[in-house]
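The values are calculated or read from the model by the stated rules, or taken from the named source; none is laboratory data. Since the model is a prediction, treat every value here as computed from it, not as a measurement. Because the Cβ atoms are built from the backbone with ideal geometry, glycine has one as well, and the counts that use them run over all protein chains shown. Remember, those area values only see protein heavy atoms, side chains included, never the ligands or the DNA or RNA. Shrake-Rupley method; radii C 1.70, N 1.55, O 1.52, S 1.80 Å.
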Protein chains: 2
Amino acid sequence: MMKSVFKALNDSSRREILEILRLGDATAGEISDRFNMSKPSISHHLDLLRQADLVSSKKKGQFVVYSINLLALDETISWFQMFKPESIAEKPRIRIPLSQY
Amino acid sequence: MMKSVFKALNDSSRREILEILRLGDATAGEISDRFNMSKPSISHHLDLLRQADLVSSKKKGQFVVYSINLLALDETISWFQMFKPESIAEKPRIRIPLSQY
DNA sequence: TATTTAATTAGTTATTTGTATAATTAAACA
DNA sequence: TGTTTAATTATACAAATAACTAATTAAATA
């Protein structure tokens, strides 16, 4: 839901977490090491990102590994597309077989 | 700046205002007529949208006409693209002369 | 010029939010 | 099994936010 997505994105620490996860999965501890902020605060930020489905998490033994959810980002982009007037750039792309080039 | 954009988008009334302006320009009064909310509150929402450059405004006599700023929406979409791994879909589109179809 | 209309600015208040510390859960291991 | 490590949950509090009413600005017009 877009409400939770925009809520999650309305914080620079959370946006920074996404930029970290963009480069690869990371545990909660690895993420919190990148910030001057308590672990519980980071945990809370991760929770909001998860509520927005922007990240997913998976327990690995003692650790919790977080991953970015690219699908949710695509859906968010789609929400923005609603505002764009019809234009060639957005029409379904015509795919030409590679052999033609 | 993305900070002000996400701040502006993190409110359902402001998102609704964008959806109204998507259909065409409107005065502050026309916009506030669509809400069960005081005029000053709407004025404040419009101010935040303007700070984020998501809308522009122009005085027309006694009225203030608001317009959606599609360019800012494009820039926001670009911000999201940063997260997407390189893929064919995002590479610059190869344009084929119409005569080929 | 006095009044009406459109909109914003000023000031207030209840709610939400971001952060911290303390307490708890759960896994690893000596 | 007792201790350490990783992470979350619980709780509290200051700061930010969204809403309101009242006051102000500015344009139109009787």
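Scoring B:SER56 on the criteria (1) over 10 Å from the mean Cα position of the chain (by Cα); (2) closer than 24 Å to A:TRP79 by Cα; (3) more than 8 Å from DNA strand C (Cβ to nearest atom); (4) of a type in the set (S, T, N, Q) leaves a single failure, condition (1). Among the residues of segment B:58-85, those identified as within 16 Å of DNA strand D (Cβ to nearest atom) and open to solvent by 50 Å² or more (accessible area, probe 1.4 Å) are B:LYS58, B:LYS59, B:LYS60, B:GLY61, B:GLN62, B:PHE63.
Kindly indicate whether B:ARG50 is among the charged types (D, E, K, R), more than 12 Å from DNA strand D (Cβ to nearest atom), buried (at least 16 other Cβ atoms within 10 Å of the Cβ) and away from every other protein chain (no Cβ under 14 Å). Show your work before the answer.
Working: among the charged types (D, E, K, R): yes; more than 12 Å from DNA strand D (Cβ to nearest atom): yes; buried (at least 16 other Cβ atoms within 10 Å of the Cβ): yes; away from every other protein chain (no Cβ under 14 Å): yes.
Against the criterion (among the charged types (D, E, K, R), more than 12 Å from DNA strand D (Cβ to nearest atom), buried (at least 16 other Cβ atoms within 10 Å of the Cβ) and away from every other protein chain (no Cβ under 14 Å)), B:ARG50 qualifies.
Among the criteria (1) more than 12 Å from DNA strand D (Cβ to nearest atom); (2) of a type outside the set (S, T, N, Q); (3) over 16 Å from the mean Cα position of the chain (by Cα), the one B:PRO40 does not fulfil is (1).
Checking segment B:66-84 against the condition returns no match, with no residue being out of contact with any Leu (no Cβ under 8 Å at 6 or more places or on another chain), within 10 Å of DNA strand C (Cβ to nearest atom) and without any contact (Cβ under 8 Å) to a residue 24 or more places away in the chain.
Just for helices (runs of 4 or more DSSP H) wholly inside chain A: which have at least 1 residues that are modelled with pLDDT of 95 or more and more than 23 Å from B:MET1 (Cβ to Cβ)?
A:28-33, A:39-51, A:70-81
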